[in-house]
């Protein structure tokens, strides 16, 4: 089940997330919470608002940790998206559908009843996008289609499971850095 609880971000968390993003385009105003922190207390995965400027944002979970992001960069550049997709398609198609359905439910949970009702009535195409697409905006219910390993890793951490979790964890390895001073998490 998706986590119902996450930490409300402090101003220091938002500043850290901005530093962690570096040159990557990310709007820290979308951060609704911190899903997981590293042992040094810095955000690793944030929970994002499902809407950006009134339009669906493609992910609920953002991999903010630069160390994890770098590890995932390497896996992705070595063909990891295709490899993970084949692995899930071969062994875990049913779990993939369940995972994406839980993702949609968590997205709607974040909106809450009032915002959900408002979107349903005022912007039916946006509501359809929010409720018919899973991780990364992939259409739910169809064939396995994996998009962006950063989204997959962040969603695995944020949701607490993933159909390709064994594959992801094996390739990512240790999910923390040895020294946060080597990364833009701290100003020190």
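The values are calculated or read from the model by the stated rules, or taken from the named source; none is laboratory data. Treat the numbers as computed from the prediction; the structure is a model and nothing was measured. Positions of Cβ are generated from backbone atoms using ideal geometry, with glycine treated the same way; all protein chains shown enter the neighbour counts.
Residue check: residue 105 meets all listed conditions (1) outside any loop (DSSP other than H, G, I, E, B); (2) touching a strand residue (DSSP E or B) at 6+ places or on another chain (Cβ under 8 Å); (3) in contact (Cβ under 8 Å) with a residue 60 or more places away in the chain but one, namely (2). The sole residue among 52, 74 that is closer than 17 Å to residue 176 by Cβ, out of contact with any strand residue (DSSP E or B) (no Cβ under 8 Å at 6 or more places or on another chain) and surrounded by fewer than 24 Cβ atoms within 10 Å (Cβ to Cβ) is 74.
Could you say which residue among 74, 82, 139, 94 is under 26 Å from residue 175 (Cα atoms) and at pLDDT below 95?
Exactly one of 74, 82, 139, 94 is under 26 Å from residue 175 (Cα atoms) and at pLDDT below 95, namely 82.
The residues of segment 144-159 that are assigned to a loop (DSSP other than H, G, I, E, B) and on the phi < 0 side of the Ramachandran plot, listed by number, are 144, 145, 146, 147. The single residue among 128, 111 that is in contact (Cβ under 8 Å) with a residue 24 or more places away in the chain and part of a helix (DSSP H, G or I) turns out to be 111.
Comparison of 28, 21, 12 shows that the only residue that is surrounded by fewer than 18 Cβ atoms within 10 Å (Cβ to Cβ), in contact (Cβ under 8 Å) with a residue 12 or more places away in the chain and farther than 19 Å from residue 162 by Cβ is 21. Here residue 162 meets the list (1) assigned to a loop (DSSP other than H, G, I, E, B); (2) surrounded by fewer than 20 Cβ atoms within 10 Å (Cβ to Cβ); (3) in contact with a helix residue (DSSP H, G or I) (Cβ under 7 Å, 6 or more places away or on another chain) almost entirely, failing just condition (2). With the structure loaded, tell me whether residue 54 is over 14 Å from the mean Cα position of the chain (by Cα), touching a residue at least 60 places away in the same chain (Cβ under 8 Å) and closer than 30 Å to residue 12 by Cα or whether it fails that test. Considered against the rule, which asks whether it is over 14 Å from the mean Cα position of the chain (by Cα), touching a residue at least 60 places away in the same chain (Cβ under 8 Å) and closer than 30 Å to residue 12 by Cα, residue 54 comes out as yes.
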